[in-house]
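What follows is a short report on a single structure.
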Amino acid sequence: MSINRRQFLKIAGISTMLGIGSTAIVSGLRKGDLEASQFEVSPGALTAKRWGFVVDMSKFKSGEDIKRVIDSCHSIHNVPDYGNPKDEIKWIWKDDYEHVFPNQENEYATAELKEKPFMVFCNHCAQPACVRVCPTKATFKRQDGIVMMDMHRCIGCRFCMAACPFGARSFNFRDPRGTDENGRPFIKKENPEFPTRTKGVVEKCTGCYERLAKGLKPACVEASNGGIVFGDLEDPHSEVRKLIAKHYTIRRKPELGTQPSIYYIIGGNENA
Amino acid sequence: MYNAGKILIGLIIFFGLATFPFFYNMGKAIAKPEPKVDTPEIMKLAKQDRKCVESKEFMRAEHMQLLNEWRDSVVRSNTRVYVNAEGKKFDMSLQNTCMRCHSNKKKFCDECHNYMAVKPYCWDCHIAPKEKES
Amino acid sequence: MLEKALNGSPRYWGWVFLLLAVIGVGFISYLRQFSYGLGITGLSRDVTWGFYIAQFTYLVGVAASAVMLVIPYYLHNYKKFGRIVILGEFLAISAVMMCILFIFVDLGQPMRVMNVMLYPTPNSVMFWDMIVLMGYLTLNLLIGWTTLGAERKEAPPPAWVKPLIYLSIPWAASIHTVTAFLYAGLPGRHLWLTAIMAARFLSSAFAAGPALLILLALIVRKTSRFDPGKEAIQSLAKIVAYAMTINVFFFLLEVFTAFYSNIPDHMYPIKYLFVGLEGHTNLVPWMRTAAVLAFVGLALLIYPNTRKNENILPLALIAVFISTWIDKGMGLVVGGFVPNPFERVVEYTPTAPELLISLGVYAIGFLILTVLYKVAIAVKEETEGVEIPH
C-alpha cells in the first residue's frame with residue numbers, strides 16, 4: 001500500500017483530532033468525582049433576599065470615627081496602601097456630599113453641606129452594570145444581593161471599572177504583596193485568615209461575605225456605632241426598612257437604573 | 001537528496017536542541033519528594049483524629065480537583081461546609097483549614113510541586129503559614 | 001505563496017529588520033510590564049483604559065477599509081477596484097491582528113485570557129467583540145488567500161468564496177457596531193452614552209481605513225512595478241471625502257445635543273477635550289489639532305482640483321488619518337473617564353514603556369502587512385496584464 005503526502009497528512013490530522021477529542025471526553029467524565037451534595041451552607045450564616053445598608057452620617061462624630069470604620073475593613077481584608085492616588089485600592093472611603101451626589105447640584109447649598117463627609121463603598125446594586133459587562137462572570141450577583149468578585153477568574157480587562165458609575169472598583173496595578181522604596185510593605189499587617197489579591201485583578205467591597213457566613217455583620221457596620229446599618233431590604237420589618245420609612249433617604253445616581261442598595265439619611269441630625 | 005549537507009546540519013541542530021534537556025540532566029539525581037505530615041499541629045491531635053478530609057490516596061491524586069471545587073463552592077455558591085465520605089464536616093478554606101494542620105508549606109506543598117515542575121498560583125493571593133527558615 | 005516574501009531587495013530586508021528591532025524593544029518593555037503590572041502605564045483608578053484600548057478601537061476602524069472596496073467591486077461590479085481589493089483584505093488582517101494584541105497587552109492577567117471562552121458570557125459585549133473579531137480575521141484570511149492563489153494560477157476564484165465575500169460585508173459592519181457597544185451601553189459615562197456611537201464609529205472607520213489604504217497604495221506604486229490604478233485611488237479618495245464629512249457631521253450633532261440641552265454631565269467631557277476642565281488641559285492641544293486637520297483634510301478632499309492632484313492628495317489623507325487617530329486613538333477613550341464618577345478631573349498621560357509596547361504592536365502589524373503585501377505584489381507582478389474574470 002502506498003499513500004501520497006496529502007493522504008498521509010489527512011490521516012495524521014484526523015487521528016490527532018480524535019486523540020485530543022477523546023481525552024477531552026474522558027477527562028470530562030471524570031469531573032463528577034465530588035458530588036454537589038457534599039457541599040452545605042454554613043450553619044448560622046446570615047441570610048437575606050437582598051442585603052442593603054443605611055448610612056446615617058450624624059452618628060459619625062469625628063474624623064476618628066470615619067477612620068476607624070475604614071480601618072476595620074481594610075485591615076481584615078488585606079487592602080494595600082500604596083501611598084499614591086494612581087495605584088490606590090479602596091473598599092470603603094469617605095468623600096464629600098458634593099462629589100458623592102453630583103446630581104444633587106445646588107448652587108446655594110451651604111459650604112457645610114457641600115463638604116459634609118459621606119461613607120462610600122460598593123452599592124451592591126440590584127441591576128449591577130459591572131456584572132452585565134464582565135466577560136468571564138468573575139463578578140456576579142449572589143442570591144442574597146451581594147455583588148461578589150471571584151478573583152480567581154478575573155482576567156483584568158477592567159470593563160467593570162468603566163461600567164461602574166460609582167467608582168467602587170479598584171485595580172491591582174502592581175503586586176500588593178510588594179514593598180515601597182523604603183522596604184515598607186504595602187499591606188502593613190497581613191490578616192492570615194483572609195487572602196491578599198494578586199497583581200492584575202479588580203477588587204472591591206464584597207459585603208464581608210466571609211463574615212456573613214459566620215453569622216457576623218460586615219466589619220464596617222460593626223465598627224460604625226450605628227452609623228452604617230445592615231439588613232434585608234426585602235423584609236419590611238428589618239431595621240434598614242424601618243429607617244428608610246422613618247427618614248428622608250437618598251441613593252447615589254438612582255436615575256441610572258442600577259438600583260443601588262445603600263440608602264443615605266440626609267439631615268440625620270435633626271430627625272434622629 | 002537536494003541540499004543534503006544543509007538538511008543534515010539542520011537535523012543535527014534540531015536533534016541537539018530537542019534532546020538537550022535529557023543530556024543536561026543526565027546523571028543528576030534529584031531526591032524524590034517526601035511530603036511530611038508531622039507538623040506540631042497534627043502531632044497535637046489524638047491518633048484517631050490524624051486524618052485529612054479524605055483518604056490519603058484520594059488527596060494525593062485529587063487534591064487539585066478538590067481544591068478547585070472547594071474554591072468554586074465557597075466563592076460562587078456560598079456553600080462553605082464540606083461533608084466528607086465519612087460524613088464529617090469541614091470549613092472549606094485553604095488558609096484556615098488545610099494549612100492550619102499542614103503548617104509546613106515548604107515541605108508539604110513546594111517539594112512535590114517543584115519536583116513535578118508545576119507552579120500553582122494559590123500563593124499569589126493565599127497567605128502561607130509562617131515558617132521558620134530552614 | 002508565502003515563499004515570495006523571502007525574496008526581496010536590500011531595502012525590503014532593511015525595513016523588515018527595522019520592524020523586528022522595534023518589535024524586540026516592544027517585547028522587552030512588555031516583559032517589564034508583565035512582571036511589574038499595569039502600574040507601569042499611565043493608567044489609574046480613575047482612567048482605567050488608555051492608549052492600548054484606544055489603539056484597539058482605532059484599528060477596528062482601519063480593518064473596515066476592506067469593505068469599502070469589497071462593496072463596489074463585488075456588489076456593483078466596479079472593475080477598477082479589482083486590482084486593489086486584495087490590499088484592503090490584507091490590511092484588514094494586519095489591523096485585526098493588532099486589535100487582538102492591543103487587547104492582550106491591556107489585560108491584567110493575560111495568562112487567563114482563555115477564561116473568556118471557558119466561561120462564555122453572552123451578556124457581555126466583550127464576549128461578542130471577541131467572536132466578531134476572530135470571525136472577521138478568519139473571513140479575510142480565507143478570502144484574501146484564496147482569491148490571490150487563484151489569481152496566481154490565472155483562474156477565477158473557487159465558487160465557495162463568493163458567499164464568504166458577501167458575508168464579510170455585514171461582518172465588517174458588525175465589528176464596528178459591537179466595538180461601539182463596548183462603550184455606548186455603559187451608564188454614567190456621558191461621552192460614550194450616545195445612540196449614534198456605532199454610526200460614528202462606522203463613519204470614522206470608512207474615512208480612516210481607506211485613507212490609510214490609499215497612502216499604502218501610493219507607497220506600493222513607488223516601490224514596485226504594480227500600479228493600483230489612478231482611477232481606483234480617486235474613487236477611494238471620494239469615499240474618504242464622503243465618510244469624513246459624515247464623521248464630522250455626526251460629531252457636531254453630539255456637540256449640539258450636549259450644549260443646546262445644557263446638561264452639565266454631557267458637556268463636561270467635550271469641554272475637557274476642547275477647552276479643558278477645572279484647569280486640566282492635557283488633551284486640548286491634541287483635540288484642537290484634530291479639529292483643524294479634519295477641516296483642512298475635508299477641504300482638500302472635497303475640492304476636485306486638490307483631490308485630483310497626486311501631490312496634494314497624500315497630504316489631505318494624512319490630515320484625515322491623523323485627525324481621526326487623535327479623535328479615537330486618544331480623545332474618545334480618555335474623554336469617557338473624565339470627569340470621574342465623583343465629578344473630579346484626573347488626567348492620564350501614557351508612559352514611555354506603554355508607548356514602546358504600543359509601538360511594538362504596531363511593528364508586528366506592519367510586519368504582517370509587509371509580508372502579505374509582498375506576496376500580493378509579487379503575484380500581481382507575475383500576472384501583470386492578464387485579464388481575470390471574477
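The values are calculated or read from the model by the stated rules, or taken from the named source; none is laboratory data. These numbers were taken from a predicted model, which means no experiment stands behind them. Every residue, glycine as well, gets a Cβ built from its backbone with ideal geometry; the counts of neighbours run over all protein chains shown. Please note that ligands, DNA and RNA were not included when accessible areas were found on the heavy atoms of the full protein model with its side chains. Shrake-Rupley method; radii C 1.70, N 1.55, O 1.52, S 1.80 Å.
Taking into account only those residues within region A:36-76 that are touching a strand residue (DSSP E or B) at 6+ places or on another chain (Cβ under 6 Å) and free of Cβ contacts under 8 Å to residues at least 12 places away in the same chain, which is farthest from A:Lys116 (Cα to Cα)? Once the filter is applied, the top-ranked residue is A:Gln38. Within region C:34-74, being open to solvent by less than 10 Å² (accessible area, probe 1.4 Å), within 14 Å of chain A (Cβ to nearest Cβ) and under 30 Å from C:Thr138 (Cα atoms) holds for C:Trp49, C:Gly50, C:Tyr52, C:Ala54, C:Phe56, C:Thr57.
When restricted to residues that are under 24 Å from C:Val296 (Cα atoms), among the charged types (D, E, K, R), in contact with an Asp or Glu (Cβ under 9 Å, 6 or more places away or on another chain) and surrounded by fewer than 23 Cβ atoms within 10 Å (Cβ to Cβ), region C:195-240 contains 1.
Across region C:248-255, a minimum of one residue is classified as of a type in the set (D, E, K, R) and either surrounded by 15 or more Cβ atoms within 10 Å (Cβ to Cβ) or within 23 Å of C:Ala199 (Cα to Cα) (or both). Residues in region A:171-205 that are more than 8 Å from every other protein chain (Cβ to nearest Cβ) and not in a loop (DSSP other than H, G, I, E, B) were compared, and the one that is modelled with the highest pLDDT is A:Glu203. Out of curiosity, is A:Cys154 open to solvent by less than 20 Å² (accessible area, probe 1.4 Å), modelled with pLDDT of 95 or more and farther than 26 Å from B:Ala128 by Cβ? Judged against the criteria, A:Cys154 is not a match. Against the conditions (1) loosely packed, with under 15 Cβ neighbours inside 10 Å; (2) free of Cβ contacts under 8 Å to residues at least 12 places away in the same chain, A:Arg241 satisfies every one except (1). C:Ile233 meets the conditions (1) modelled with pLDDT of 95 or more; (2) of a type outside the set (Ser, Thr, Tyr); (3) within 23 Å of the chain's Cα centre (by Cα) in every case but one. The failed one is (1). State all residues of region A:212-242 that are under 19 Å from the mean Cα position of the chain (by Cα), closer than 15 Å to A:Leu46 by Cα and away from chain B (no Cβ under 14 Å); if no residue qualifies, say none. Scanning region A:212-242 gives A:Lys217, A:Pro218, A:Ala219, A:Val221, A:Glu222, A:Val229, A:Phe230, A:Gly231, A:Asp232, A:Leu233. Applying the condition of being farther than 29 Å from C:Ser35 by Cα and aromatic (Phe, Trp, Tyr) to region C:94-142 and asking which residue is farthest from the other protein chains (Cβ to nearest Cβ) yields C:Tyr136.
This table checks each residue for (1) hydrophobic (A, V, I, L, M, F, W, C); (2) surrounded by fewer than 10 Cβ atoms within 10 Å (Cβ to Cβ).
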| residue | (1), (2) |
| --- | --- |
| B:Ala4 | yes, yes |
| B:Ile12 | yes, no |
| B:Leu17 | yes, yes |
| B:Pro21 | no, yes |
| B:Lys28 | no, yes |
| B:Pro35 | no, no |
| B:Leu45 | yes, no |
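Residue-by-condition table, conditions (1) open to solvent by 50 Å² or more (accessible area, probe 1.4 Å); (2) at pLDDT 90 or above; (3) within 17 Å of the chain's Cα centre (by Cα):
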position	(1), (2), (3)
C:Ala95	no, yes, yes
C:Met98	no, yes, yes
C:Gly135	no, yes, yes
C:Thr146	no, yes, no
C:Pro156	yes, no, no
C:Leu167	yes, yes, no
C:His176	no, yes, yes
C:Leu193	yes, yes, no
